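J.: Structure in structure tokens, see below.
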Amino acid sequence: MIEITLLGTGSPIPDPNRAGPSTLVRAGGQVFLVDCGRGVLQRAAAVGVGAGGLTALLLTHLHSDHIGDLGDLLITRWITTFAPDPTPLPIIGPPGTAETVEAMLKAFGHDIGYRIAHHADLTAPPAVEVHEYTEGTVWDRDGVSIRVAPTDHRPVAPTIGFRVESGAASVVLAGDTVPCASLDELAAGAGALVHTVIRKDLVTQIPQQRFLDICDYARLSGIQIAI
């Protein structure tokens, strides 16, 4: 079984009722966070998941609303993991992810230095393990596999979607994209598709036939549930 929790479905514009884009995926005893928009840690805490409980962070792309709480996630995981030799947090994203993570840690450089100086249990900066991909299998551990494919969020590029599989269950997390051949292939036959829809005011103006076409897109791809 795969459990999907929408932690945030907001947009770059702050909304008191929606946290930034982020989805929690629990599969085979592993916990994956897909994107980390503003407010993600508070929303994760509300469902009993802390930064230290994450198996990996998956980033669909590097727009600010999808990485707004990246720094908070890195620091909070670091200061709430009390193992003497903490396992680095795997971070999987498109090219540019390593540079972004490095810049984020540099931005928090003073804070990291203060904490190392004043806390005996912190002896090194936050441990991360960044991997950049645009396609192929990116994870295969303990019965859970993840593969990625390019998506179309132009002019933003590259962007990727994730397919998480555990046993007979599967979910595709598309991020911000329009329909494209690579997403079609990634999502074919999936148990669920999680797709970003950030502007309710625009969605309510979509002609009914266009909305039905979107539903047909999921149906024709063999997707069981569109979220």
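J.: Considering segment 151-169 alone, what residues qualify as being surrounded by fewer than 20 Cβ atoms within 10 Å (Cβ to Cβ), touching a helix residue (DSSP H, G or I) at 6+ places or on another chain (Cβ under 9 Å) and at pLDDT 95 or above?
T.: Here is the first cut: in segment 151-169, the residues surrounded by fewer than 20 Cβ atoms within 10 Å (Cβ to Cβ) are 152, 154-158, 167-169.
After this cut, where a residue has to be touching a helix residue (DSSP H, G or I) at 6+ places or on another chain (Cβ under 9 Å) as well, the list is 152.
Correct list: empty.
J.: Still on this model: Please determine, by comparing only the residues of segment 8-27 that are touching an Asp or Glu at 6+ places or on another chain (Cβ under 6 Å) and not charged (D, E, K, R), which one is surrounded by the fewest Cβ atoms within 10 Å (Cβ to Cβ).
T.: In the first step, residues of segment 8-27 are kept if they are touching an Asp or Glu at 6+ places or on another chain (Cβ under 6 Å); the result is 12, 20-22, 26.
Next, from what is left, pick out any that are not charged (D, E, K, R): 12, 20-22.
Numbers: PRO12: 15, GLY20: 25, PRO21: 28, SER22: 29.
Per the stated criteria, the residue is PRO12.
J.: Across segment 84-124, what is the total count of residues that are modelled with pLDDT of 95 or more and assigned to a loop (DSSP other than H, G, I, E, B)?
T.: 5
J.: Are any residues in segment 146-175 over 19 Å from ILE91 (Cβ atoms), charged (D, E, K, R) and touching a strand residue (DSSP E or B) at 6+ places or on another chain (Cβ under 6 Å), and if so, which ones?
T.: Answer for segment 146-175, where residues must be over 19 Å from ILE91 (Cβ atoms), charged (D, E, K, R) and touching a strand residue (DSSP E or B) at 6+ places or on another chain (Cβ under 6 Å): ASP152, GLU165.
J.: Sticking with this structure for a sec: In segment 40-64, which residues are in a helix (DSSP H, G or I) and surrounded by fewer than 19 Cβ atoms within 10 Å (Cβ to Cβ)?
T.: At the first step, the residues of segment 40-64 found to be in a helix (DSSP H, G or I) are 40-46, 51-53, 64.
Within segment 40-64, GLN42, ALA45, ALA46, GLY52, GLY53, SER64 meet the criteria.
J.: I'm told ASP72 meets every condition in (1) in a loop (DSSP other than H, G, I, E, B); (2) within 16 Å of GLY8 (Cα to Cα); (3) among the charged types (D, E, K, R) except one. Can you identify the failing condition by its number?
T.: ASP72 satisfies every listed condition except (1).
J.: So the check is Cβ under 6 Å with 6+ separation or different chains; which pairs have a first residue in segment 108-137 that's basic (Lys, Arg) and a second one that's assigned to a loop (DSSP other than H, G, I, E, B)?
T.: Close Cβ pairs (under 6 Å, with a partner that is assigned to a loop (DSSP other than H, G, I, E, B)) amount to ARG115/LEU122.
J.: Could you give me the residue pairs with C-beta distances under 9 Å whose first residue belongs to segment 1-27 and is within 17 Å of LEU58 (Cα to Cα), whose second residue is among the aromatic types (Phe, Trp, Tyr) and outside any loop (DSSP other than H, G, I, E, B) wherever it lies, and which are 6+ apart or on separate chains?
T.: Partner pairs satisfying both residue conditions: THR23/PHE32; LEU24/PHE32; VAL25/PHE32; VAL25/PHE162; ARG26/PHE32.
J.: Is there any pair with a first residue in segment 69-90 that is more than 21 Å from THR23 (Cα to Cα) and a second that is part of a helix (DSSP H, G or I) and among the basic types (Lys, Arg) whose Cβ atoms are under 7 Å apart and which are 6 or more apart or on different chains, and what are they?
T.: ILE79/ARG115
J.: Another one. Out of the residues in segment 66-78 meeting the condition of being surrounded by fewer than 20 Cβ atoms within 10 Å (Cβ to Cβ) and either at pLDDT below 95 or touching a Leu at 6+ places or on another chain (Cβ under 7 Å) (or both), tell me which one is farthest from LEU122 (Cα to Cα). Lay out the reasoning, then the answer.
T.: First, pick out the residues of segment 66-78 that are surrounded by fewer than 20 Cβ atoms within 10 Å (Cβ to Cβ): 71-72, 75-76.
Next, only the ones that are either at pLDDT below 95 or touching a Leu at 6+ places or on another chain (Cβ under 7 Å) (or both) stay: 72, 76.
On the way: ASP72: 17, THR76: 12 Å.
So, considering only residues that are surrounded by fewer than 20 Cβ atoms within 10 Å (Cβ to Cβ) and either at pLDDT below 95 or touching a Leu at 6+ places or on another chain (Cβ under 7 Å) (or both), the one farthest from LEU122 (Cα to Cα) is ASP72.
J.: Mind listing whichever residues of segment 145-173 are more than 16 Å from the chain's Cα centre (by Cα) and touching a residue at least 40 places away in the same chain (Cβ under 8 Å)?
T.: In the first step, residues of segment 145-173 are kept if they are more than 16 Å from the chain's Cα centre (by Cα); the result is 152, 154-157, 166-169.
Listed by number, the residues that qualify are VAL156, SER166, GLY167, ALA169.
J.: Follow-up question, since we're still on this one. Filtering segment 120-160 down to residues that are in contact with a Pro (Cβ under 7 Å, 6 or more places away or on another chain) and among the β-branched types (Val, Ile, Thr), which residue is farthest from VAL178 (Cα to Cα)?
T.: Applying the filter and picking the extreme gives VAL128.
J.: Only one of (1) part of a helix (DSSP H, G or I); (2) closer than 26 Å to PRO158 by Cβ; (3) β-branched (Val, Ile, Thr) is not met by VAL31, so which one is it?
T.: So VAL31 meets the others, but not (1).
J.: Quick one: in segment 28-37, of everything that is buried (at least 24 other Cβ atoms within 10 Å of the Cβ) and free of Cβ contacts under 8 Å to residues at least 60 places away in the same chain, which residue is farthest from VAL148 (Cα to Cα)?
T.: So, considering only residues that are buried (at least 24 other Cβ atoms within 10 Å of the Cβ) and free of Cβ contacts under 8 Å to residues at least 60 places away in the same chain, the one farthest from VAL148 (Cα to Cα) is GLY37.
The values are calculated or read from the model by the stated rules, or taken from the named source; none is laboratory data. None of these values were measured; they are calculated from a predicted model. Heads up, the Cβs are rebuilt from the backbone with ideal geometry, glycines too, and the neighbour counts pull from every protein chain shown.
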